[in-house]
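Some notes on the structure that comes next.
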Amino acid sequence: MYSNSELAGLIRDDAVHRSVYTDPEIFELEMRRIWGRAWIYVAHESQVPLKGSFFTTTLARQPVLLVRQDDETINLFFNRCAHKGAKVIEVESGRAPVLRCGYHGWSYEVDGRCKHVTGGDAAYKASGYSRKDPCMGLQKVPGVASYRGFIFASLAPDAPDLRTWLGATATSIDNMVDRSPEGKLEVTGGVLRYHHDSNWKFFVENLNDMMHAMIAHQSSAQTARVMGKELFPDDPNPPAEIQILSPFAENTSFFEEMGVHAFDNGHSYSGGKTSIHANYSGIPEYEEAMEKAYGKERVAEIFSLNRHNTVVYPGFTLKGAIQTIRVVKPVAVDQTVIESWTLRLVGAPEEMLRRSILYCNLINSSGNLVGPDDHEAYHRLQNGLTTDAGDWVSMGRYLGNEEPNDEGGFSATGSSDMVFRSQFKAWKNYMTANGAGD
Ligand code: FES
Ligand SMILES: [Fe+2]
């Protein structure tokens, strides 16, 4: 069992101990102390649109059940029957007037109260329980809050205010929502689930690793660049596939200039003034709808924010400019599932959604180009760190070169390790805070 000082000793200013990626005991502690304390993304409100709509997912590996209430509010329950503990709802989503357990048939109102005990209440009279006792109903997750349609939950009863905790990353969510002419998003289509045989932190770090793209994605993105030049030499608007893939093989100075930005609680984003999403062809019908809704000046402001990946540490990541989110689901110390969801900009032409879906398929899917390059890198990291070649993983690039930014965080050149240092500062805070959940 690690003491707090032993855990703190795994994080140096310029390096972390390899066991943070490889030790199953540390992974179990992370589930309680990081994933059990932070705000964790659950779902988008559009996934439970009507009274009785439900959506099932996991929170720090625990099954949970999100249900739209009669008064339009949302409740989040542990997905566990009060009888013998079976998962009450097994399917991912649907709509039901009552929630019924498939094992012995106990049923629950959508607000979690026990509605029916099989065989009637009299069976429990001698043991002193009544259907009305809270322990006979579904149990609520302690913290649930929503920010502009994105629902987060916390297993900690004393979680901080969500908006405050999000800090500057809330403006990445704002920018995604503001890109809808109606200021509204909807999760559309299914989900891409991509199983990785690697620790969750490799993915979370890599999203703001500006040094790997032109190397790890050379075979996919450079090929797209070459093909684009050969097949569409004078076309300023080559097919969207070429436009989406090519920037991943931009040169070093492009990624250095995009920059990285780190904040409290381990949050970060890359890009801002520019990103790999900055130069897609315009869609005139969309631009017209936006200008009609917000006016030229405000639209220019919305479109000028070009962030690449935003990481809401530990497990929610988004790309505002292309309307996709990726959700991290740790499974074991060396097993992680990444979910990719696409959002529709309500009021925007269908072409915008088609571009987001194309992006998700090309970049985030297990069966396509860019994501598998990254997965191969995480696979090699997980394997390389099993060797006896050394215990420390380097995080010292451009140590101390960061500058304060006007959002209350720090900014650095793209290939700086600053974001990783910031994530592990948060990691250490969560893992060693008083009152740790054990
Ligand atoms: S476990 Fe749910 S009714 Fe028995
Ligand atoms: Fe990558």
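Selection of first residues in the range 68-82 that are closer than 17 Å to Glu45 by Cβ and of second residues that are part of a loop (DSSP other than H, G, I, E, B) and within 13 Å of ligand 1 (Cβ to nearest atom), restricted to Cβ pairs under 6 Å at least 6 apart or on distinct chains, gives the following pairs, ordered by first then second residue: Phe77/Leu138. Taken over the range 43-62, the criterion of being surrounded by 15 or more Cβ atoms within 10 Å (Cβ to Cβ), of a type in the set (A, V, I, L, M) and either modelled with pLDDT under 95 or in a loop (DSSP other than H, G, I, E, B) (or both) is satisfied by Val48, Ala60. With respect to the conditions (1) closer than 29 Å to Trp341 by Cα; (2) outside any loop (DSSP other than H, G, I, E, B); (3) touching a Lys or Arg at 6+ places or on another chain (Cβ under 8 Å), Leu7 lacks only one, and its number is (1).
When the range 63-77 is limited to residues that are buried (at least 20 other Cβ atoms within 10 Å of the Cβ) and within 16 Å of ligand 1 (Cβ to nearest atom), the one that is nearest to Cys135 (Cα to Cα) turns out to be Phe77. Checked against the criterion of being within 30 Å of Gly347 (Cα to Cα), out of contact with any Pro (no Cβ under 8 Å at 6 or more places or on another chain), charged (D, E, K, R) and modelled with pLDDT of 95 or more, the range 205-219 contains not a single residue that satisfies it. If a residue has to be away from ligand 2 (no atom under 14 Å from the Cβ) and surrounded by fewer than 21 Cβ atoms within 10 Å (Cβ to Cβ) to count, how many in the range 195-232 make the cut? Qualifying residue count, the range 195-232: 11.
Yes or no, residue by residue, for (1) within 16 Å of ligand 2 (Cβ to nearest atom); (2) within 18 Å of Phe54 (Cβ to Cβ); (3) surrounded by 14 or more Cβ atoms within 10 Å (Cβ to Cβ); (4) modelled with pLDDT under 95:
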residue: Ile89; (1), (2), (3), (4): no, yes, yes, no
residue: Gly94; (1), (2), (3), (4): no, yes, no, no
residue: Arg100; (1), (2), (3), (4): no, yes, yes, no
residue: His104; (1), (2), (3), (4): no, no, no, no
residue: Ser107; (1), (2), (3), (4): no, yes, yes, no
residue: Asp111; (1), (2), (3), (4): no, yes, yes, no
residue: Cys114; (1), (2), (3), (4): no, yes, yes, no
residue: Thr118; (1), (2), (3), (4): no, no, no, yes
residue: Ala123; (1), (2), (3), (4): no, no, no, yes
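Scanning the range 167-200 for residues that are part of a strand (DSSP E or B) and of a type in the set (Lys, Arg) gives a single hit, Arg193. Note on the range 206-258: residues that are within 19 Å of Gly414 (Cβ to Cβ) and not in a helix (DSSP H, G or I) total 9. Residues in the range 259-306 that are modelled with pLDDT of 95 or more and part of a strand (DSSP E or B) were compared, and the one that is farthest from Glu350 (Cα to Cα) is Ala262. Pairs needed: first member in the range 24-51, more than 22 Å from His267 (Cβ to Cβ); second member anywhere, in a loop (DSSP other than H, G, I, E, B) and among the acidic types (Asp, Glu); C-beta distance under 9 Å; at least 6 residues apart or different chains. Correct list of pairs: Pro24/Asp334; Lys51/Asp70; Lys51/Asp71; Lys51/Glu72. On the basis of being crowded, with 20+ Cβ neighbours inside 10 Å and among the charged types (D, E, K, R), does Asp235 make the cut? Considered against the rule, which asks whether it is crowded, with 20+ Cβ neighbours inside 10 Å and among the charged types (D, E, K, R), Asp235 comes out as no.
Of all residues in the range 351-383, how many are within 13 Å of ligand 2 (Cβ to nearest atom) and closer than 19 Å to Ser246 by Cβ? Qualifying residue count, the range 351-383: 10.
The values are calculated or read from the model by the stated rules, or taken from the named source; none is laboratory data. The shown structure was predicted, so the numbers you read here are calculated from the model rather than taken from an experiment. Cβ coordinates were reconstructed from backbone atoms using ideal geometry, including for glycine residues, and neighbour counts include every protein chain displayed.
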